[in-house]
Each structure stands twice: as structure tokens, then as C-alpha cells.
Amino acid sequence: MKVVVVGGVAGGMSAATRLRRLDEAAHIVVFERGPEVSYANCGLPYYVGGTIADRSALLLQTPESLHRRFRLDVRVRHEVARIDAVAKAVEVVDLATGERSTEPYDELILAPGARPRRDEPAGSIPTLSLRTVSDADAIHDALTEPGVPVAVVGGGYTGLEAVENLVGRGAVVTLIQRGTQLLSPLDPEMAAPIAEILRGRGVDVRLGTQMSAVDGKELILSDGTRIRAELIIDSSGVVPESAIAAEAGLRIGDTGGIWVDENNRTSHPDIFAVGDGVEKMDLVGGEAALVTMAGLANRHGRMVADVIAGRAASARPALGTGIVNVFDTAAGKVGWSEKQLRGAGRPYYAVHVHPGSHAGYYPGAETLSMKLLADPESDRILGAQIVGRDGVDKRIDVIATAMHAGLPAAELTQLELAYAPQFGSAKDAINFLGYVAENTRTGTTPTIQWHELDAAIAAGDPVIDVRTPAEFDAGHIPGALNFPLDELRQHTDELPTGPLVVHCQVGLRGHIATRILTQLGFAARNLDGGYRTWLAGGGVPAQL
Ligand SMILES: Cc1cc2nc3c(=O)[nH]c(=O)nc-3n(C[C@H](O)[C@H](O)[C@H](O)COP(=O)(O)OP(=O)(O)OC[C@H]3O[C@@H](n4cnc5c(N)ncnc54)[C@H](O)[C@@H]3O)c2cc1C
């Protein structure tokens, strides 16, 4: 059996090496357009920033090492220009010599990845993307001295990684984001702290604007402002490399990605496709989506090798689990955001909590901001977002695991998670999130969301702040009345008639107050996530 693989990085190389482990006799040829195979694209920003000092650490394998260990025939600087699905052959261009040749196959695996959405240079300012080792070299070499002004276009995962590492190299960075928030997979109140962290590190964050023209060494933005830049890093997004698949007549989905079935087989029975160039089935939406993540590319590459080797295997729907580090803070997400759910008209309930990353009495605990979205009928978890300095990765992975297993939100209360004070709490942040979800869904504690507060105040609902007078004086919701929680029972006859909005700093004291008041017959709702979430959502406090 002869198997040809197009693309020799994440998905392609996972397929090729797994196939060898399953079939010692297969003839496996890998064509890679670039000069390197199997390199660590996720590590590229950290080479630019200097955290990865040794460039060779990025190059996980070479054609020679892959031949030695796996007997793979890996040909770099070879581009597959055309697929003849009827004759079962690919036309290959040797990019060093320009020679064309034809390579027949029994099975073809496409792993061509994605390419930057915009590839034209921006006038007289050099424009680079950060996708390949050569890109990283070019950026690395352009930062010859501190103070180089660099504009990064796009505030998604890779844009933020680029910003962090450019700052690490002493560049003066402007981040330009078309949307009104960074990290668009997150909801605005969860992403807002990231912009503040960047500003605190000297990054000029421009939201709600985009590049419209270049004048010499200046970028002109759509809001009319100008930015000086010696270099532009384009992180504005990627599109699937699906051109040769389309030309070969393979079905392309509405997303622009190559259509595949649950075995990652394309519309042609002898051709498989994996990775960023391919549509995935989205777990929450139940429809095809583009999810460009390394784990999925690797997993599906391995799975396709299993299928070709005759094993029963299939792809699970994608959750879109992701995490990014921005200086001392991490932001993780899984599943859908509230924006997505609302846009799709899906019923959901949301909870925000701010527990400690580990027991508060043990030094070093950091506050986590966690958001969970779940279906009010089935309690199925639809998504989660977590931002914080410590413990974000393990919490988002627990929720991803729960979603994979189909656990309802209330089951988060039952998970028995590893605990010693350095690592968590006896009631872990995940359990706590489950308790709040359960209280919210069952109506034990009625809640109101940060973005619903203005309408409630406009309707005349009094806001009761149950924090201490010192907290209240430092800043409070305009018009709020201060009744500290521990004195609330003595003052209930002074409370205005409801429906009341009750709140504290993060939601916990507000929950207790709401329980007291509702049991006394008041109509009361707790502001979910408290003052902290309201502030993150853009609330403007009054101060005494
Ligand atoms: C800077 C950066 C950081 C990232 N960080 C993360 C992260 O932290 N976590 C995460 O989950 N994901 C991350 N990703 C995304 C992750 O790298 C991709 O999801 C993954 O590499 C996709 O694998 P793939 O095999 O589909 O494509 P790729 O790994 O991009 O490989 C595709 C290869 O195919 C080659 N090719 C394309 N067309 C042809 C052709 N016609 N002939 C021959 N060769 C061809 C290309 O040259 C390319 O080398 C990051 C990506 C980048 C760029």
C-alpha cells in the first residue's frame, strides 16, 4: 500500500508516524512545501521572545530522523500542485528545481493546514505573519535593538502571544483589533482584564478599529488615528488551505474548509483530510465549524492512520478548547460563549464565580474568574471561560472533560478532585462553580446578569450592596444602598420594596443575602459574579 501525505507538520506527521507504527510494510511519502517538517508552530512566538533560546528546539524532527526511525520518505520544498482523484496520483513541484513529477497513491491524506487571511504587504512597511519557522526567523532578526515600533493586527490567541513576546524583546507594540474586545471567543466581561494587563505592560491597545492605509512608516487606522511602525505582524486570522482539494472536485463546506465525514474521509473514498484545512463537527452547535487547534490536528491525523490500517476509529465532535498566556495571566475557554448562544437563539443560563486558585489560607492563592454556560432544560454544559494567574489550565480541562463525557453542570459539584492546600480547596473552584450553577438553575438563588442591570435600574429596582462600608465607599454601583450582610437581618424593615437587586464583591455574600431575603418574602436577585463582574463588563462606579 502506498500512502501519500500532503503537509508534514501537525496532522500530516501524526498520520504518517502512526501509520508506520501500525503497518511496517506501507510505502509512506510525505510532501511538505516548506523547508522544515514536524516543527513546533505553537512554540514560534516564544522563540521570537527569547523564552526558547535554541532555534533547533523548534525542529522536532528532520526528514533524516523520520527516515531513520519511521522509514518515511519525507520530501521538503515539494509542493503538491494538483490532485488527480480519478488516476489516484498527485502532481508535485520540486520548489528547488521547478521540476514536476507525478506520484501515484493508494490512499491520500491531506493535511495542508491554513494560511493567513491577508497576505498582501501593507505598503512600505514590511508585513509578516507568524506561522512558520522562516516567519519567526524574520521577526526575530527584525528586532535588532529595543524600541522597534511594531503593529500587531489581530487580538486573538496568536496575536496576543506575538504581543507578549514582542514586548519581551523590547519592541514598542500597538495592538489593533477590529472588534470591540480582545479574544473574541470569550465574552466581553471575561476578556476585558486582558486588555488592561496589556496596557499595564505598555502596549497601546486599539479596539474597534482597523488598518485602512499606509503612509510611509505610518499606519492609518479606520478611526483616523496614525501609528508609527517599522514592522506589521498580521495575526488577523487564517483560512483553510483548501484550493487543491477544491480543484480536485472534493466537497468544500460552507465554512471554506474541506468537508469530511466522522472518519475524516473526504467526499472521495480514497482521500482523507485532517487539521486546520478541514471542517470539524462542533459539539455544541452540531454543525460543521472551523476549529484550528493543534490537538485536533494531531488526534485526527492519528485516527485517519487507524482507519487506513483497517481499525475502527472515528472523530469526536470538537469542543474548541483553548488557552492563551498573556504575561502573568491565562485565559482559557471551551465550548460556546454567551455571545454565540445568544446569537444562535439558544436557551442558556450563565454563572460567574471568582474563587481562589487554591485554599485562601495557604500563601499564593490567586483569584480565578470563571464563567459557565449551560442549558436550562437539560443542564448540559455549553461552554466555560476562565481567566486568572494560577490554575486556569486544570480547571478548563476538567470542564472540557466533563463536556466530553456529557456531564450536566450540577455534576461538577460531585467531582472528587485532588486537594492539598497548594493545589486547590476542599471545595474546589470546579465544585464551587457547580454549586452556583445548581442554585441558579433550580432558582434557589435567583440571579441577574451584569448586562441586565441597567434595565433593572431603569425599571426602578433598588440595588442593595451588602459589602462592608469600606468596600462601598471605595466604589459602588450608582444609586446602590449599603446594607452590610452581617447586619442585614436587623435592617430588613428599612429596605425598599422590591424587586431588589442584591450584590457583593464577587457574588458569594450576595447569594447569602438573597437567600435571607427571599426566605423573608422579598423579591430579590443576586447580581451574578458581583461588583467585580459588573466592573469588568464596563460598569462605571460612583465613589464617595
Ligand atoms: C504561532 C502559532 C501558535 C499556535 N499555538 C497553538 C497553541 O498554543 N495551541 C493550539 O492548539 N494550536 C496552536 N496553533 C495552531 C496549530 O499550530 C495548528 O492547529 C496545527 O498546526 C494545524 O495542523 P495542520 O497539520 O492542519 O497544519 P500545519 O501544522 O500548519 O501544517 C500544514 C503544512 O502543510 C504544508 N502544505 C500546505 N499545502 C501544501 C501543499 N500543497 N503541498 C505541500 N505542503 C503543503 C504547509 O507548508 C504546512 O507546513 C498555533 C499556530 C501558530 C501559527
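Relative to the dominant Cα principal axis of the chain, helix 133-142 is inclined by about 70°.
If the Kirkwood radius is taken over C-alpha pairs of the chain, then at 10 °C and 1.306 mPa s the Stokes-Einstein diffusion coefficient equals 62 µm²/s. Helix-only arithmetic for the chain: the sum of -39500 (n - 2.57) across DSSP H runs with n ≥ 4, divided by the residue total, places the mean residue ellipticity at 222 nm at -8000 deg cm²/dmol. In plain terms, the C-alpha convex hull of region 28-133 casts an average shadow of 9.0 nm² when viewed from every direction. Taking only protein heavy atoms and a 1.4 Å probe, the accessible area of region 4-99 is 50% carbon and sulfur.
Think of each Lys and Arg Cβ as +1 and each Asp and Glu Cβ as -1; about the Cα centre, that makes the dipole of the chain roughly 580 debye. Taken one residue at a time, the phi angles of region 286-303 give Karplus couplings (6.51, -1.76, 1.60, θ = phi - 60°) of x, 10, 5, 8, 9, 10, 9, 10, 5, x, 5, 4, 5, 5, 6, x, 5, 5 Hz. Gly and Pro are set to x. When the charge dipole of region 339-465 is built from unit charges on Cβ atoms (+1 for Lys and Arg, -1 for Asp and Glu) and taken about the Cα centre, the candidate among Y435, Y349, I396 whose Cα reaches farthest toward its positive end is I396.
For K339, the lysines whose Cα falls under 26 Å of its own Cα, not counting residues fewer than eight places away in the same chain, are K280, K371, K394. Surface composition of region 370-491: carbon and sulfur atoms hold 52% of the protein heavy-atom accessible area at a 1.4 Å probe. On region 253-364, 51 percent of the accessible area sits on carbon and sulfur atoms, based on a 1.4 Å probe. In terms of Cα atoms, the Rg and Dmax of region 201-247 work out to 15.2, 47 Å. Evaluating 6.51 cos²θ - 1.76 cosθ + 1.60 at θ = phi - 60° for every residue in region 79-85, the Karplus couplings come out as 9, 7, 8, 7, 10, 9, 5 Hz, glycine and proline recorded as x. Take region 121-240 with all the other protein chains still there, run a 1.4 Å probe, and you get 39 Å² of accessible area per residue.
As a ratio to 2.2 N^0.38 Å, the alpha-carbon radius of gyration computed for region 301-424 takes the value 1.22. Amide H contacts for V502 (H built 1.01 Å from N in the peptide plane; partners 5 or more residues away or on another chain; cut-off under 5 Å): I464, R525, N526, L527. The phi-based Karplus calculation (6.51 cos²θ - 1.76 cosθ + 1.60; θ = phi - 60°) puts the 3J(HN,Hα) values of region 375-383 at 7, x, 7, 8, 6, 4, 6, 9, x Hz, whole numbers, x for Gly and Pro. Charge dipole (Cα centre; +1 on Lys/Arg Cβ, -1 on Asp/Glu Cβ; no other charges) of region 309-349 amounts to roughly 240 debye. Taking amide H positions as modeled 1.01 Å from N, with prolines and chain starts lacking one, the residues under 5 Å from D187 and 5 or more places away or on another chain are E338. Close amide H partners of V152, meaning residues 5 or more places away or on another chain with modelled amide H under 5 Å apart, are T174, L175, I176, I233. Accessible surface area normalised per residue over region 262-377 is 39 Å², counting heavy atoms of protein chains with a 1.4 Å rolling probe.
Residues R226, R21 ordered from highest to lowest accessible area at a 1.4 Å probe: R21, R226. About its Cα centre, region 350-394 has a charge dipole of approximately 120 debye under the convention of +1 per Lys or Arg Cβ and -1 per Asp or Glu Cβ, with nothing else charged. Placing a label point 7 Å from the Cα of I323 along the Cα-to-Cβ direction, the residues of region 386-412 whose backbone N falls under 17 Å from that point are 386-404.
Computed FRET efficiency, Cβ-Cβ of H491 and Q414, R0 41 Å: what is it to the nearest 0.05? Don't jump to the answer; show the numbers that get you there.
On the way: r = 37 Å, r/R0 = 0.91.
Given R0 = 41 Å and the Cβ-Cβ separation, E is 0.65.
Contour minus end-to-end for T102 and R251, with contour as 0.36 nm per residue of separation and end-to-end as the Cα-Cα distance?
51.3 nm
Derived from the Cα gyration tensor, the three semi-axes of the equivalent ellipsoid of region 232-296 are 20, 16, 10 Å, largest first.
The values are calculated or read from the model by the stated rules, or taken from the named source; none is laboratory data. The shown structure was predicted, so the numbers you read here are calculated from the model rather than taken from an experiment. Counting neighbours? That spans all protein chains shown, and the Cβs are built from the backbone with ideal geometry, glycine included. Side chains included, ligands, DNA and RNA excluded: accessible areas come from the protein's heavy atoms. Shrake-Rupley method; radii C 1.70, N 1.55, O 1.52, S 1.80 Å.
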